[in-house]
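Enquirer: Just passing along the structure, written as structure tokens.
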Amino acid sequence: MNKIRKYSRHPGLNMGSTDPETHEAAETLLFGFWVFLMSDLVLFALLFADYAAQSQHGVAGGPTPGDILDLKNPFIETMLLLVSSFTFGLAALAMKYRQDRTRLVFWLVVTFALGAGFVGLEVYDFTDMISKGHGPQTSGFLSAFFLLVGTHGIHVSSGLIWLLVLLVQVFVFGLNRNVKTRLMRLAIFWHMLDVVWIGIFTFVYLFGVA
Amino acid sequence: MTGQPFDYFWLGKLSIDSLPFVEFIRDPNSNTAVGAFAKAAAIGGAMGLMVLLTVFGKWRVFWHEWLTSLDAKKIGIMYIVLAMVMLLRAVIEAGFMRAQQMLAVEQPGPLAPEHFGELFSTHGTIMIFFMAMPFLIGIINVVMPLQIGARDVKFPLLNAISLALTAAGAVLIMISLVIGKFSTGGWSGYPPFTELAFNPGAGVDYWIWAVTLSSIGNTLTGINFAVTIYKLRAPGMTWFRMPLFSWTALCTSIIMIFAMMPLTVATLMLALDRYAGFHFFTNALGGNMMNYTNLFWLFGHPEVYIVILPAFGVFSEVFSTFSGKRLYGYHSLVFATMAIAVLSFCVWLHHFFTMGETADLNAAFGIATMLIGVPTGVKVYDWLLTMVRGRVRLTTAMLFSIMFMVTFVIGGLTGVILANPPVDFAVHNSLFLVAHFHNMLIPGTLFGMFAAYYVWFPKMFGFRLSEKWGRISFWCWSFGFYLAFMPLYALGLMGAMRRSAQWFDPQYLPWLVVAFCGALLILAGLASQVVQLWVSIRDRDTTRVPGGDPWDGRSLEWSMSAPPPEYNFAVIPQVHDRDAFTWMKKNGTSYTAPEHYEDIKMPKNSIVAPVICALTAALGFALTWHIWWLTIASFIAVWATVIARSFCQNTEETIPASQVREEHERWLRSVKALKPAPREHETTSANQGLAEVVV
Ligand code: HEM
Ligand SMILES: [Cu+2]
């Protein structure tokens, strides 16, 4: 069995040279997690499709995307999320090449702060829209908007909670194999949310104001 | 349903009217009496189970050996038990529906229309989500890891959690029988009828949460099975050496990964409409029910292939095993299965030809639908050719399989008829359609699951089921099916619409009487299966198959004792051929001791799954009745459980090599003492699970 494993790879951070055992354990775990992400992406695909339909046909005399969307905060949010993906990348590198807990924790905390900034700004945007009378109950378009963007926001928030749990585990258990493979899975999850957000920024915001 | 709530903060919308028997006491009539009977049966069943567990002192065993177990075989058996209990309820409901429709020609009939609406909604929902799905998932759990030479599925705890979520959904549906009322929106729950404006009661919410829980469980199951098949096949088991049942399990799992999500999304969006005033599917303010229809059938059509493909897998194994021949056209069967899996995503629109698409679009989807007949036809020919020149043995499983082949072809033909949009315009939503899909689901899915139950029962429990009672049930089910559903084709063509609680055309009556008699025969078939189980358990000492191979099986699951050890294989076998175990028997490598044994790591039991089952059932109940404190508390508790579990470090235990050796060698010695049975004596007590090898 080991012979097969030695040649197999998994998409994700390869721990092979520094920690072959974790690498081996990660092989099937990460594969499973990619399959999970695939079903999660089906979720977003459906929400995008629903938004495409309802943002056109579900306006119902209320505000259109062009009336109420602007780019300022979403752009800041994009930057926060993109940078947080980068810092997560640095955390992953610290885990692989340095076995350096302080550095790893530092980058994870930075990632957390950026992610929390993203969620905070999004919540601010949402409450702002609702207070102006553009809540999800206004029209089919706004229902679809809040569902799509909100589902992404909930994903980021659960990523944040997951990150907190893993930070605790880094201190409780140290960098053992479980903690490492969990960090790898969270990393993939985090990057996927980035990709989804780029879709949202493009199709909801850029197309919306255009 | 409009009664004053007891106490909105603590008990939400629950009121005196939602309590059981209140309706019957206030106004005893035939309608409320049937309701009271159902409630009494549900409460009695639950109490009876608890009393039995207490009397026999089995709580401990139940908890340690079953509820907390992470063994895929046990999880599979629990899925199957769940499916059978739900089958019992749904078939009885079907009997009541048939009775109502027969007695409601030009008169109201015994049941109120809303009650009839609840019956077809629970019947359909249960049959699909809580009978067919758990049954096939259960069989896959038991058989697939054994067939591919794995010790377990890849994620055992996730497997238990999937069962927990499905079971929580089933619990919710059972509770709806006792407290309050269920939805009247059918198994498909179409808005705007199911929107708050038209359906303010708790019924639709019961439906939403039961279905949502089970759909999440099924998504996780799909992921788990697919990863298991990709990554855990025994050495030497290349893709094209994988038994066909495992192939269908793989294709079904892949469909689940992609197709369950649209359902989850649709039900959650409907929930947002109902609970938070969103406008996805409402009539006003930009909502559009077509969004729901598309999402639902984007799930719904693949779903019918989720439930049929594993049955195809079972039939393939049965035809080849009981013809004593290698499966004919294995590659074509594999490609046909994959083709069906792909096509299943390209036809969903045929469920709403009549709902406003252009003629061109309808034509395209009509053609795509008919195309599915091609790979399915290929399969039928392969099965026929498997039997040609085989030594066919007509066991119960084989009888069900042959009946499937004949009957399924008829159902397929009516499906091709329905795939013509102009024809569909004439018979859409009529009893013709009801006849068609039962003609696929009963001989296809249900008979497939029965065949699986008959074939693999000895593997699960170590003794065979009574053939006599199996045959009786077979004849009852088969004749019952024809009597109950063929008249519906005629009725549909005469204009009888589905979901009707009352008729105004006296010409329907004779057909409805025949259909009712068919339903009675089906009930007799089900009853004989209950008797069969009872008789077989009573006589188990005469039907034991300690050798583990009662049917001269061809794949790896027959190569170990029955029931198999927790770790399935003492040593993971090397696979040389598509019929791996037949190869071993012919080459004399079956029942041999390996040179050395290794320690085996298995997952420890865990209380996480039963805890999640209880919490998510509470969550669904709280949401249904708007009990917000419980909603928040149980939601947090579910995630707290998951997080707490991630802090557990010792989740595996090691079974030492010495113990594995001892157990395995003890079994090998006992096999030596058995007398190999020729196939003529397969169904007699001479069959001790060791097959005569004919070289
Ligand atoms: C065992 C014998 C069965 C009988 C006698 C039976 C009878 C019925 C009847 C009378 C209806 C209502 C038809 C109408 O709308 O007028 C119905 C609906 C339905 N049945 Fe069955 N059925 C049986 C088995 C099954 C099985 C095995 C399945 C699925 C695996 C199934 C799935 C459904 C579904 C999905 C509906 C549609 C419910 C709806 O209208 O929303 N049935 N059945
Ligand atoms: Cu379909």
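The values are calculated or read from the model by the stated rules, or taken from the named source; none is laboratory data. Please read these numbers as outputs of a predicted model, since none were measured by experiment. Every residue, glycine among them, receives a Cβ derived from its backbone with ideal geometry; neighbour counts consider all protein chains shown. SASA here: full protein model, heavy atoms, side chains in, ligands and nucleic acids out. Shrake-Rupley method; radii C 1.70, N 1.55, O 1.52, S 1.80 Å.
Enquirer: Can you find a residue that is more than 26 Å from B:Leu270 (Cα to Cα), at pLDDT below 95 and charged (D, E, K, R) anywhere in the stretch A:188-203?
Expert: Within the stretch A:188-203 (the criterion being more than 26 Å from B:Leu270 (Cα to Cα), at pLDDT below 95 and charged (D, E, K, R)), the answer is no, since none of the residues qualifies.
Enquirer: For the stretch B:6-30, enumerate the residues that are among the polar types (S, T, N, Q), farther than 19 Å from B:Met174 by Cα and touching a residue at least 40 places away in the same chain (Cβ under 8 Å).
Expert: Selection gives B:Ser30 alone.
Enquirer: Is at least one residue of the stretch B:299-311 open to solvent by less than 30 Å² (accessible area, probe 1.4 Å) and either more than 16 Å from ligand 1 (Cβ to nearest atom) or over 23 Å from the mean Cα position of the chain (by Cα) (or both)?
Expert: No: zero hits.
Enquirer: Counting only residues that are over 17 Å from A:Ala94 (Cα atoms), open to solvent by less than 10 Å² (accessible area, probe 1.4 Å) and over 13 Å from the mean Cα position of the chain (by Cα), how many does the stretch A:183-204 have?
Expert: Final tally of qualifying residues: 1.
Enquirer: Here is a further query. Does A:Tyr51 satisfy being of a type in the set (Ser, Thr, Tyr), at pLDDT 95 or above and open to solvent by 10 Å² or more (accessible area, probe 1.4 Å)?
Expert: yes
Enquirer: Separate question: Would you check if there is a residue in the stretch B:308-324 being in a loop (DSSP other than H, G, I, E, B), within 19 Å of B:Phe404 (Cβ to Cβ) and more than 16 Å from ligand 2 (Cβ to nearest atom)?
Expert: Yes, the conditions are met somewhere in the stretch B:308-324.
Enquirer: Now, a different point. Evaluate the stretch A:50-65: report whether one residue or more is within 14 Å of chain B (Cβ to nearest Cβ), in a loop (DSSP other than H, G, I, E, B) and of a type in the set (Ser, Thr, Tyr).
Expert: Among the residues of the stretch A:50-65, at least one is within 14 Å of chain B (Cβ to nearest Cβ), in a loop (DSSP other than H, G, I, E, B) and of a type in the set (Ser, Thr, Tyr), which makes the answer yes.
Enquirer: Between B:Ala38, B:Ala83, which is within 25 Å of B:Leu158 (Cβ to Cβ) and crowded, with 17+ Cβ neighbours inside 10 Å?
Expert: On the way: B:Ala38 fails: within 25 Å of B:Leu158 (Cβ to Cβ).
So the residue among B:Ala38, B:Ala83 that is within 25 Å of B:Leu158 (Cβ to Cβ) and crowded, with 17+ Cβ neighbours inside 10 Å is B:Ala83.
Enquirer: Now for a different question. Counting just the residues of the stretch A:97-148 that are among the aromatic types (Phe, Trp, Tyr), surrounded by 15 or more Cβ atoms within 10 Å (Cβ to Cβ) and away from chain B (no Cβ under 14 Å), which one comes out farthest from the chain's Cα centre (by Cα)?
Expert: A:Phe106
Enquirer: Output yes when any residue across the stretch B:57-77 is at pLDDT 95 or above, closer than 22 Å to B:Met174 by Cβ and touching a Gly at 6+ places or on another chain (Cβ under 6 Å), and no when none is.
Expert: Looking through the stretch B:57-77, at least one residue is at pLDDT 95 or above, closer than 22 Å to B:Met174 by Cβ and touching a Gly at 6+ places or on another chain (Cβ under 6 Å).
Enquirer: Taking helices (runs of 4 or more DSSP H) that do not extend beyond the stretch B:1-114, which have at least 2 residues that are closer than 27 Å to B:Phe198 by Cβ and in the same structural domain as B:Ala164 (by the TED database)?
Expert: Output list reads B:72-103.
Enquirer: Inside the stretch B:503-516, can you point out the residues that are within 11 Å of ligand 1 (Cβ to nearest atom) and either among the aliphatic types (A, V, I, L, M) or open to solvent by 40 Å² or more (accessible area, probe 1.4 Å) (or both)?
Expert: Listed by number, the residues that qualify are B:Leu512, B:Ala515, B:Phe516.
Enquirer: Going by what's in this entry, would B:Gly356 be described as away from ligand 1 (no atom under 16 Å from the Cβ) and within 14 Å of chain A (Cβ to nearest Cβ)?
Expert: Considered against the rule, which asks whether it is away from ligand 1 (no atom under 16 Å from the Cβ) and within 14 Å of chain A (Cβ to nearest Cβ), B:Gly356 comes out as yes.
Enquirer: Among the numbered criteria (1) surrounded by 20 or more Cβ atoms within 10 Å (Cβ to Cβ); (2) part of a loop (DSSP other than H, G, I, E, B), which single criterion is violated by B:Thr125?
Expert: (2)
Enquirer: Name the pairs: first residue in the stretch B:39-53 and closer than 16 Å to B:Met86 by Cβ, second residue open to solvent by less than 50 Å² (accessible area, probe 1.4 Å) and of a type in the set (Val, Ile, Thr), Cβ to Cβ under 6 Å, at least 6 apart or on different chains?
Expert: Here the result reads B:Ala42/B:Val178, each pair linking the stretch B:39-53 to a residue that is open to solvent by less than 50 Å² (accessible area, probe 1.4 Å) and of a type in the set (Val, Ile, Thr).
Enquirer: For the stretch A:69-96, which residues satisfy the criterion of being of a type in the set (Val, Ile, Thr) and surrounded by fewer than 18 Cβ atoms within 10 Å (Cβ to Cβ)?
Expert: A:Ile76, A:Val83
Enquirer: If you go through the stretch B:274-298, how many residues are open to solvent by less than 10 Å² (accessible area, probe 1.4 Å) and away from ligand 1 (no atom under 16 Å from the Cβ)?
Expert: Of the residues in the stretch B:274-298, 2 are open to solvent by less than 10 Å² (accessible area, probe 1.4 Å) and away from ligand 1 (no atom under 16 Å from the Cβ).
Enquirer: Let me ask something else. Quick one: which residue in B:Leu270, B:Leu263 is surrounded by 24 or more Cβ atoms within 10 Å (Cβ to Cβ), over 30 Å from B:Leu394 (Cβ atoms), within 16 Å of ligand 2 (Cβ to nearest atom) and at pLDDT 95 or above?
Expert: Of B:Leu270, B:Leu263, the one residue that is surrounded by 24 or more Cβ atoms within 10 Å (Cβ to Cβ), over 30 Å from B:Leu394 (Cβ atoms), within 16 Å of ligand 2 (Cβ to nearest atom) and at pLDDT 95 or above is B:Leu263.
Enquirer: Now a separate question. Which of the residues spanning the stretch B:192-209 are within 14 Å of ligand 1 (Cβ to nearest atom) and over 18 Å from B:Pro113 (Cα atoms)?
Expert: Hit for the stretch B:192-209 is B:Trp207, nothing else.
Enquirer: Take the residues in the stretch B:406-451 that are β-branched (Val, Ile, Thr) and under 23 Å from B:Cys476 (Cα atoms); name whichever of them is farthest from ligand 2 (Cβ to nearest atom).
Expert: In this case the residue turns out to be B:Val406.
Enquirer: Considering only residues of the stretch B:227-261 that are hydrophobic (A, V, I, L, M, F, W, C) and not in a helix (DSSP H, G or I), which is nearest to B:Ala339 (Cα to Cα)?
Expert: By that ranking, first place goes to B:Met242.
Enquirer: Name the pairs: first residue in the stretch B:181-195 and in the same structural domain as B:Gly287 (by the TED database), second residue open to solvent by 40 Å² or more (accessible area, probe 1.4 Å) and within 8 Å of ligand 1 (Cβ to nearest atom), Cβ to Cβ under 7 Å, at least 6 apart or on different chains?
Expert: Here the result reads B:Gly186/B:Arg499, each pair linking the stretch B:181-195 to a residue that is open to solvent by 40 Å² or more (accessible area, probe 1.4 Å) and within 8 Å of ligand 1 (Cβ to nearest atom).
Enquirer: Pull out all pairs, ordered by first then second residue, where Cβ-Cβ is under 6 Å, the residues are six or more apart or on different chains, the first lies in the stretch B:673-691 and is assigned by the TED database to the domain that holds B:Gly553, and the second is assigned to a loop (DSSP other than H, G, I, E, B) and among the hydrophobic types (A, V, I, L, M, F, W, C).
Expert: Pairs that qualify, where the first residue is assigned by the TED database to the domain that holds B:Gly553 and the partner is assigned to a loop (DSSP other than H, G, I, E, B) and among the hydrophobic types (A, V, I, L, M, F, W, C), are B:Leu674/B:Leu690; B:Pro676/B:Leu690; B:Ala677/B:Ala686.
Enquirer: Next question, about the same structure. Could you give me the residue pairs with C-beta distances under 8 Å whose first residue belongs to the stretch A:167-192 and is within 12 Å of another protein chain (Cβ to nearest Cβ) and over 22 Å from A:His152 (Cβ atoms), whose second residue is acidic (Asp, Glu) and surrounded by fewer than 17 Cβ atoms within 10 Å (Cβ to Cβ) wherever it lies, and which are 6+ apart or on separate chains?
Expert: So the pair list comes out as A:Arg177/A:Glu21.
Enquirer: Scan the stretch B:285-294 residue by residue and report those that are under 17 Å from B:Gly186 (Cα atoms) and away from ligand 2 (no atom under 14 Å from the Cβ).
Expert: Answer for the stretch B:285-294, where residues must be under 17 Å from B:Gly186 (Cα atoms) and away from ligand 2 (no atom under 14 Å from the Cβ): B:Met289, B:Met290, B:Tyr292.
Enquirer: Residues to consider are B:Val380, B:Val314; find the one that is modelled with pLDDT of 95 or more, under 20 Å from B:Thr396 (Cα atoms) and surrounded by fewer than 23 Cβ atoms within 10 Å (Cβ to Cβ).
Expert: Working: B:Val314 fails: surrounded by fewer than 23 Cβ atoms within 10 Å (Cβ to Cβ).
After applying the criteria, what remains is B:Val380.
A quick yes/no check of all residues on (1) assigned to a helix (DSSP H, G or I); (2) within 11 Å of chain A (Cβ to nearest Cβ); (3) without any contact (Cβ under 8 Å) to a residue 24 or more places away in the chain:
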| position | (1), (2), (3) |
| --- | --- |
| B:Asn199 | no, no, yes |
| B:Phe225 | yes, yes, no |
| B:Leu263 | yes, yes, no |
| B:Met290 | yes, yes, no |
| B:Gly300 | yes, no, no |
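Enquirer: Still on this model: Can you pull out the residues in the stretch B:200-235 that are open to solvent by 30 Å² or more (accessible area, probe 1.4 Å) and over 14 Å from B:Thr264 (Cα atoms)? Lay out the reasoning, then the answer.
Expert: Step one: of the stretch B:200-235, the residues open to solvent by 30 Å² or more (accessible area, probe 1.4 Å) are B:200, B:209, B:216, B:220, B:230-233, B:235.
Correct list: B:Pro200, B:Tyr230, B:Lys231, B:Leu232, B:Arg233, B:Pro235.
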